[in-house]
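Chemist: Once you've had a glance at the structure underneath, I'll fire off some questions.
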Amino acid sequence: MERSSSSLHKSAAQTESPARTLVESVRPEVDCGRFAIKRVLGEEVVVEADVFTDGHDAVVAHLAFRHESEKAWREVPMEFRHNDHWVARFRCEKLGRYEYTVRGWVDRFLTWQRDLKKRRDAGQDLSVDFLIGASLLKSKGILADASRSPEERYEFAMTAAPVPPDASRVTTYEKILEVVVEPLKARFSSWYELFPRSFGGLRGVAERLDYVAEMGFDVLYLPPVHPIGITARKGKNNRVAAEPGDVGSPWAIGAKEGGHKAIHPDLGTFDDFALLVREAKKRGIDVALDIAFQASPDHPYVREHPKWFRWRPDGTVQYAENPPKKYQDIYPFEFESQEWPELFDELKSVFEFWIAKGVTIFRVDNPHTKPFAFWEWCLSELKNKHPEAIFLSEAFTRPRIMHRLSKLGFSQSYTYFTWRNTKQEIVEYFTELAQDPSREYFRPNVWPNTPDILHEHLQKHGRPAFIARAVLAATLAANWGIYGPAYELMERAPREPGSEEYLNSEKYEIKSWDLDRPDSLKTILTRLNAIRRDNPALQSDWSLRFHAVSNDQLICYSKREDDNLILVVVNLDPYNVQSGWVGLPLAELGIPEGEEYLVDDLLGGGRYLWKGAHNYTELSPYTLPAHVFRVLRRTHPGFENFA
């Protein structure tokens, strides 16, 4: 793809005086244009720039953009706002990449029109000015015709269109910026993770699709479905030695039956997989696969490509370690091998293999332990060919690494939400996610639990904590997910005190889940996803605003999309009733001072008429520790029926 355009940039051989216009501070821009911003299909890109010149001449600014499939640039005039600041926008109508930049120039004709009006308002003679205008238009028509009345000549002058600028007088921003356009589910999705082997394999999962669909999840995420190694297989609860019948970890990929392009025989066949994908799509669900680039000692790669692994002086392969943790059943790849080009190609082909099987959403395991250069190349190649593909980065690591992976092409990223439990932690972190410039490329996907992470907050505080964390995850972020059925059945026993590992973890054994248990959170999760689906305000992240509450155990925030305003209040105390006065910025929310408005609790039921900025709320952890209000003004159609 072209990175610059001769049609937009000055010739180096130009002999005329330099163009006088400056184009600065173009945004959005990531790392001086090194990386693309992100949008989904149908979203707009709002482009801002400072465009100005010396003196007092009138300046014109245009936004130029094109899809990667287009040769010609499209242009829209930018709107002057204030202090030499200009704004314009374009809509992303196709998947793939768009380019955009900003052009500016001094428009002598607009300058003349502006000054002509000032002179006329001051009662000055305009005869010479009309001739100057005629020369600018390169026309001897009405302006140059002294037989016409001054009024007629003036009217023509003020309605005449400026001539296109001479290319040599146009300044184009020095960089061509890019936006990657992805499917809607890159911005708004609800993920449900389960282990197929606990449901009788792929056909068993297909038979349970209605359970997932009824709860409103639209991405079904499966841990690795590949054959599992025998050598150094882990036992239950991650014991070093496996006992007969232990099934091992799905992340110990590869056995005699095959590797990353094979399915574990106990899970079924490729026909079974195709059935699952097909039946899921009928229900509006995409099947997402875990891609973990590592191998068990029995993976065919170890035998066929030994140089893809790191060998120790004793003649053994270096297994994965995170001291003091040891993963004897997993071999990491050696990306600094002399055969790295072959390794790169093979790993990319794993994605391509599963895309051909109908998978377009991938959760990538520990991408931060693989080279940045690999991901930049691999994701670029894949997205160029498959712009519909979505990639979730599972990188619970340092912020700079997480952000770099997002810049390199990952569509979404796991977050620190699991470890943000106090009001201050939540407010600070989600304000950053929603308002920091990094939002242009970093899309959060929020999970209250995963098979690897059972936070002590859930371990200790039971049902109220599970409900509150689900409400927070589902309403703070447009992308969220749970590891189920562990979540809705509130599994919370740790392997040992201080551990975030589950006791009897499903990572190492087959579990039997009672999906019809009467205390299941299924009904609440179903309602949360329905609220998300029905309210556009919850389908994006950027409108999130936190509001004052006279009680630090209550957290309050809103999201807004046009006239759809959602207000959430959550009790963070899992043991006590908490109450307080919510303070809302009425003007910011579009509510006139003194006007009554209705807050309709979409989660728990109940409707309340509020008035003014400060209103009382009370929440009990023993009933429902959260309100998810839709706020309705009197001007809303049907308000009286609601009230």
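The values are calculated or read from the model by the stated rules, or taken from the named source; none is laboratory data. All values derive from a computational prediction rather than experimental measurement. For neighbour counting, all protein chains shown are included, and Cβ atoms are generated from backbone atoms with ideal geometry for every residue, glycine included. Please note that ligands, DNA and RNA were not included when accessible areas were found on the heavy atoms of the full protein model with its side chains. Shrake-Rupley method; radii C 1.70, N 1.55, O 1.52, S 1.80 Å.
Chemist: Within the range 431-459, which residues are within 20 Å of L405 (Cβ to Cβ) and not charged (D, E, K, R)?
Modeler: Of all residues in the range 431-459, those within 20 Å of L405 (Cβ to Cβ) come to 432-434, 436-447, 450, 452-453.
Selection gives L433, A434, P437, S438, Y441, F442, P444, N445, V446, W447, T450, I453.
Chemist: Assigned to a helix (DSSP H, G or I) and over 20 Å from L289 (Cβ atoms) - does that describe any residue in the range 168-180?
Modeler: Of all residues in the range 168-180, those assigned to a helix (DSSP H, G or I) come to 168-169.
Those left that are additionally over 20 Å from L289 (Cβ atoms): 168-169.
Yes, the conditions are met somewhere in the range 168-180.
Chemist: Then there's this: Of all residues being aliphatic (A, V, I, L, M) and more than 22 Å from T431 (Cα to Cα) in the range 468-506, which is surrounded by the fewest Cβ atoms within 10 Å (Cβ to Cβ)? Just the residue, please.
Modeler: Pass one, the range 468-506, residues aliphatic (A, V, I, L, M): 468, 470-474, 476-478, 482, 486, 489-490, 493, 503.
Going one step further and asking which of them are more than 22 Å from T431 (Cα to Cα), we end up with 482, 486, 489-490, 493, 503.
Values: I482: 28, A486: 23, L489: 18, M490: 18, A493: 9, L503: 15.
Out of the qualifying residues, it is A493.
Chemist: Only one of L408, L392 is hydrophobic (A, V, I, L, M, F, W, C), open to solvent by 10 Å² or more (accessible area, probe 1.4 Å) and in contact with a Ser or Thr (Cβ under 9 Å, 6 or more places away or on another chain). Can you tell me which?
Modeler: Result: L408 is the single residue among L408, L392 that is hydrophobic (A, V, I, L, M, F, W, C), open to solvent by 10 Å² or more (accessible area, probe 1.4 Å) and in contact with a Ser or Thr (Cβ under 9 Å, 6 or more places away or on another chain).
Chemist: Cβ-Cβ distance below 6 Å, separation of 6 or more or different chains: which pairs start in the range 516-538 with a residue that is touching a residue at least 40 places away in the same chain (Cβ under 8 Å) and of a type in the set (S, T, Y) and end on one that is part of a loop (DSSP other than H, G, I, E, B) and open to solvent by less than 60 Å² (accessible area, probe 1.4 Å)?
Modeler: Final answer for the pair search is T526/M215; T526/G216.
Chemist: Give the range 432-491 a look and list any residue that's over 21 Å from S505 (Cα atoms) and more than 25 Å from the chain's Cα centre (by Cα), or say none.
Modeler: Matches in the range 432-491: P464 only.
Chemist: Return yes when D115 is modelled with pLDDT of 95 or more, surrounded by fewer than 20 Cβ atoms within 10 Å (Cβ to Cβ) and farther than 30 Å from R153 by Cα and no when it is not. Step through it out loud before you land on a result.
Modeler: Values: modelled with pLDDT of 95 or more: yes; surrounded by fewer than 20 Cβ atoms within 10 Å (Cβ to Cβ): yes; farther than 30 Å from R153 by Cα: no.
So D115 fails the test.
Chemist: Going through the range 407-432 one residue at a time, which ones are in contact (Cβ under 8 Å) with a residue 40 or more places away in the chain, touching a helix residue (DSSP H, G or I) at 6+ places or on another chain (Cβ under 9 Å) and assigned to a helix (DSSP H, G or I)?
Modeler: K407, L408, F417, I426, F430
Chemist: Same structure again: For H226, state whether it is within 16 Å of A292 (Cβ to Cβ), open to solvent by less than 10 Å² (accessible area, probe 1.4 Å) and without any contact (Cβ under 8 Å) to a residue 40 or more places away in the chain. Explain how you work it out, then say what you get.
Modeler: Numbers: within 16 Å of A292 (Cβ to Cβ): yes; open to solvent by less than 10 Å² (accessible area, probe 1.4 Å): yes; without any contact (Cβ under 8 Å) to a residue 40 or more places away in the chain: yes.
Against the criterion (within 16 Å of A292 (Cβ to Cβ), open to solvent by less than 10 Å² (accessible area, probe 1.4 Å) and without any contact (Cβ under 8 Å) to a residue 40 or more places away in the chain), H226 qualifies.
Chemist: Could you tell me which residue of the range 270-300 is most open to solvent (accessible area, probe 1.4 Å), considering only residues that are over 17 Å from N366 (Cβ atoms) and more than 33 Å from the chain's Cα centre (by Cα)?
Modeler: Step one: filter the range 270-300 for residues over 17 Å from N366 (Cβ atoms), giving 270-287, 297-298, 300.
Narrowing further to those that are more than 33 Å from the chain's Cα centre (by Cα): 297-298, 300.
Values: P297: 25, D298: 42, P300: 24 Å².
Among those residues, the one meeting the criterion is D298.
Chemist: Quick one: count up the residues across the range 209-266 that are outside any loop (DSSP other than H, G, I, E, B) and within 19 Å of Q328 (Cβ to Cβ).
Modeler: Result for the range 209-266: 6.
Chemist: Hey, any hits in the range 519-535 for a residue that's among the acidic types (D, E) and either more than 30 Å from S249 (Cβ to Cβ) or not in a loop (DSSP other than H, G, I, E, B) (or both)?
Modeler: Within the range 519-535 (the criterion being among the acidic types (D, E) and either more than 30 Å from S249 (Cβ to Cβ) or not in a loop (DSSP other than H, G, I, E, B) (or both)), the answer is yes, since at least one residue qualifies.
Chemist: Only residues that are open to solvent by 80 Å² or more (accessible area, probe 1.4 Å) and of a type outside the set (K, R): list them for the range 124-149, please.
Modeler: The initial filter retains those residues of the range 124-149 that are open to solvent by 80 Å² or more (accessible area, probe 1.4 Å), namely 124-125, 128, 131, 138, 140, 146-148.
Of everything in the range 124-149, those that are open to solvent by 80 Å² or more (accessible area, probe 1.4 Å) and of a type outside the set (K, R) turn out to be Q124, D125, V128, L131, A146, S147.
Chemist: Need a quick list: strands (runs of 3 or more DSSP E) entirely within the range 319-397 having at least 1 residues that are in contact with a Pro (Cβ under 6 Å, 6 or more places away or on another chain) and of a type in the set (G, A, S). Give the derivation first.
Modeler: Working: elements: 320-322, 325-327, 361-365, 390-394.
In the range 319-397, the matching strands (runs of 3 or more DSSP E) lie at 320-322, 390-394.
Conditions tested, residue by residue: (1) open to solvent by 90 Å² or more (accessible area, probe 1.4 Å); (2) part of a loop (DSSP other than H, G, I, E, B); (3) at pLDDT 95 or above.
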position: M1; (1), (2), (3): yes, yes, no
position: K10; (1), (2), (3): yes, yes, no
position: Q14; (1), (2), (3): no, yes, no
position: R39; (1), (2), (3): no, no, yes
position: G42; (1), (2), (3): no, yes, yes
position: V60; (1), (2), (3): no, no, yes
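Chemist: Out of the range 356-389, which residues are aliphatic (A, V, I, L, M), touching a Lys or Arg at 6+ places or on another chain (Cβ under 9 Å) and surrounded by fewer than 19 Cβ atoms within 10 Å (Cβ to Cβ)?
Modeler: L382
Chemist: For the range 62-103, enumerate the residues that are in contact with a helix residue (DSSP H, G or I) (Cβ under 9 Å, 6 or more places away or on another chain) and open to solvent by 60 Å² or more (accessible area, probe 1.4 Å).
Modeler: Passing the criteria: only E68.
Chemist: Looking only at the range 193-217, count how many residues are open to solvent by less than 30 Å² (accessible area, probe 1.4 Å) and not hydrophobic (A, V, I, L, M, F, W, C).
Modeler: Taking the range 193-217 and keeping what is open to solvent by less than 30 Å² (accessible area, probe 1.4 Å), we get 193-196, 198, 201-202, 204-206, 209, 211-212, 215-217.
Restricting the remaining residues to those that are not hydrophobic (A, V, I, L, M, F, W, C) gives 193, 196, 198, 201, 204, 211, 216.
Total meeting the criteria: 7.
Chemist: Within the range 555-570, which residues are touching a helix residue (DSSP H, G or I) at 6+ places or on another chain (Cβ under 8 Å) and assigned to a strand (DSSP E or B)?
Modeler: Going residue by residue through the range 555-570, those that are touching a helix residue (DSSP H, G or I) at 6+ places or on another chain (Cβ under 8 Å) are 555, 557-562, 564-566, 568, 570.
I555, Y557, S558, K559, R560, E561, N564, L565, I566, V568, V570, listed by residue number.
Chemist: Just give me the residues in the range 248-257 being in contact with a Pro (Cβ under 9 Å, 6 or more places away or on another chain), over 24 Å from W191 (Cα atoms) and open to solvent by less than 10 Å² (accessible area, probe 1.4 Å), in sequence order.
Modeler: Scanning the range 248-257 gives G254, A255.
Chemist: Would you kindly identify the strands (runs of 3 or more DSSP E) lying entirely within the range 571-614 that contain at least 2 residues that are charged (D, E, K, R), modelled with pLDDT of 95 or more and closer than 26 Å to I524 by Cβ? Working first, answer last.
Modeler: On the way: elements: 578-583, 596-601, 607-611.
Here the list reads 596-601.
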